[in-house]
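Below: the structure, in structure tokens.
The values are calculated or read from the model by the stated rules, or taken from the named source; none is laboratory data. No experiment lies behind these values; they were computed from the predicted model shown. Positions of Cβ are backbone-derived with ideal geometry, glycine not excepted, and every protein chain shown enters the neighbour counts. Calculation scope for accessible area: heavy atoms of the full protein, side chains included, ligands and nucleic acids excluded. Shrake-Rupley method; radii C 1.70, N 1.55, O 1.52, S 1.80 Å.
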Amino acid sequence: MIGIILPTRGVVFTKVEDHIEKIRNTSKERIKVFRSYDKPIPESFDFLVKEALEDKDITHIWFIEEDTVPPLDCLDKLLNVSEDISFIDYGVNGWSCSAKNSNEKILWCGFGCTMVKRHVFTKVTQPWFRTDKKFRLNTMEWVDVDHKDIYGGHDVWFFSHAREKGCTFRKIEGECIHLKLSELGKKEINKG
């Protein structure tokens, strides 16, 4: 069984939910969706993974972020790999969400559309996701972040520690649609 983790800071695009339902309805795999609307990142990630792992039938955790639309035909591609973690890339401001070193080895990727085999969560120590530490590429070290409630970096933390534990990664061909909320709309306007 696949456990879809859908963490959110309060707004999930309808198109994301629509694609999840279409994938659930057309897949031979059993899929269970775990949602969180009231927790900040990274706490929502940790909370949802713990909740999903309580179900012993779940073999894979599929992260789909609130603003990332996975291709409708991607589930089998993500599952049918020998690597521990597979993902489909998506762009943010014209940049890839994955990083490679000079040897083309994947260092990390974003969680927009990422499949993680269950056993990875027994290899990587908790908390699995953190935003109070940042990785500095120029010095190749983790540094503390002074302020609370910071967003981002939880993916770099998780994948760096998974790689240290010997987990393997594969980028799947294709690209997700990365949505952006430009405005919430205008009152009394039908398109608002």
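Values computed for the structure shown
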quantity	calculated
The stretch 119-131 - residue that is in a loop (DSSP other than H, G, I, E, B) and surrounded by fewer than 18 Cβ atoms within 10 Å (Cβ to Cβ) and, of those, modelled with the highest pLDDT	His119
Qualifying residue in the stretch 138-145 (condition: at pLDDT 65 or above, open to solvent by 50 Å² or more (accessible area, probe 1.4 Å), in contact with a strand residue (DSSP E or B) (Cβ under 9 Å, 6 or more places away or on another chain) and under 22 Å from Ile41 (Cβ atoms))	yes
Elements of type strands (runs of 3 or more DSSP E) contained in the stretch 28-97, each with 1 or more residues being at pLDDT below 95 and open to solvent by 20 Å² or more (accessible area, probe 1.4 Å)	31-36
